[in-house]
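Presented below is the structure to which this report refers.
The values are calculated or read from the model by the stated rules, or taken from the named source; none is laboratory data. Please read these numbers as outputs of a predicted model, since none were measured by experiment. Cβ: placed from backbone, ideal geometry, glycine included. Neighbour counts: every protein chain shown.
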Amino acid sequence: MRSAGGRRRYDACTSSLRRLAGAELSKHRARSLGRERCSVGDLPSTLKTLLREFRLGGDLEVHERVDLGAWTTLAIGGLGDLLIRCSTASAGQRAIDLLASHGLRWLVLGAGSRIVAPDRGLRVPLLHLAGELQRCTAEGDGGVIVGAGAKLAQVGGSLARSGPPELDRLIGEPGSAGGDLRAAALGEPSTVIGLADWIEVARPGAGPTRVAPNDSDTAWAAGLGEGRAVITRVRLRPGQPSQPLRGLRVGAARRPVGPLRGRVAPVVFQDPRGGSAATLLARAGCEVLRFGGARVADWSSNAIVTTAACSARDVAELYRMMRDRVAERCGVRLACRLWFLDEQGTRVEP
């Protein structure tokens, strides 16, 4: 027997999933889901059974109506209808199998340094990788297995003493390993992709597969941009042999990124080829710009700081002001590193 409080939480979460599934299936009514077609009326009993199974293990949590400001470095955005927190790769596989079986896609929230969540919140289910998927493990040959949820700056810092020297470039990098690789899958600059020995990708119904990234074969990236696959781990190739007793190496960050939490987008624009976005922004005089509750950081012209009263609209407007001023005064159109999202989790141009 469930307690009254437990029953209310269970019904609330089931109702949230039913609403999400109904919205998505209304767009894809003709799609075959698995062996049989699934209608809105068929969903509740199926979801109740699966949610009950979810709670039997301790490696998966389901949260309803989460504050998106707590999951992004800009600390803005409305409420997320549903967040599933996965502590193991098997939990992540169960989560995406459930969502895919009901025609739903998902959005992975890592460190949140790229995400600009909409003020009206997110209807798309959110996945957060925690537990063992946030850890990094050094192997005997000098390679390092990194969970996709691990923050790059913390990985670089923890391996600064005994890891391969090539990993020093991670010190000061914002974001998570999975977010960096997802950017690579979309053709954007990536710090990790050049160090990767293999990438483990989980897809619904197929389980995790490990593939070596190759410039001529981008099959590993299929489905990552559309919310149909999840990166769970990456192995960074060995460099020089590990030397636990050597002195601490000091790795300088390529650019000041500021704190990884606390109302900040550490890097707004990608560096142009052969140049620096921060230098161009400073040359254009962007350090004095502000709009509403958003302003350019005083420690870097390529960062945005927000206040408690800031909205996603304020960030978008400030971004446009910075981009247009550089284009007008320097003749360079900078590419955006941030991901501005609509309510369905689709990336949009601000």
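Do we find that residue 260 is touching a Lys or Arg at 6+ places or on another chain (Cβ under 9 Å), within 27 Å of residue 153 (Cβ to Cβ), at pLDDT below 95 and not basic (Lys, Arg) in this structure? Yes; evaluated as a whole, the condition is true for this residue.
When residue 277 is tested against (1) more than 13 Å from residue 315 (Cα to Cα); (2) surrounded by fewer than 18 Cβ atoms within 10 Å (Cβ to Cβ), exactly one condition is not met: (2).
One residue alone among 77, 121, 147 is in contact with a helix residue (DSSP H, G or I) (Cβ under 7 Å, 6 or more places away or on another chain), within 19 Å of residue 229 (Cβ to Cβ) and touching a residue at least 40 places away in the same chain (Cβ under 8 Å), and that residue is 147.
Scanning region 68-101 for residues that are under 16 Å from the mean Cα position of the chain (by Cα) and under 23 Å from residue 342 (Cα atoms) yields a count of 16.
Does region 277-285 include one or more residues that are at pLDDT 95 or above and either in a loop (DSSP other than H, G, I, E, B) or in the same structural domain as residue 112 (by TED's automatic domain parsing) (or both)? Among the residues of region 277-285, at least one is at pLDDT 95 or above and either in a loop (DSSP other than H, G, I, E, B) or in the same structural domain as residue 112 (by TED's automatic domain parsing) (or both), which makes the answer yes. Filtered by the rule that a residue be exposed (fewer than 12 other Cβ atoms within 10 Å of the Cβ) and assigned to a helix (DSSP H, G or I), region 199-225 gives a lone residue, 219.
Determine whether region 321-331 contains at least one residue that is in contact (Cβ under 8 Å) with a residue 24 or more places away in the chain, assigned to a loop (DSSP other than H, G, I, E, B) and crowded, with 17+ Cβ neighbours inside 10 Å. Within region 321-331 (the criterion being in contact (Cβ under 8 Å) with a residue 24 or more places away in the chain, assigned to a loop (DSSP other than H, G, I, E, B) and crowded, with 17+ Cβ neighbours inside 10 Å), the answer is no, since none of the residues qualifies.
Does residue 295 satisfy the criteria of being of a type in the set (Lys, Arg) and part of a loop (DSSP other than H, G, I, E, B)?
no
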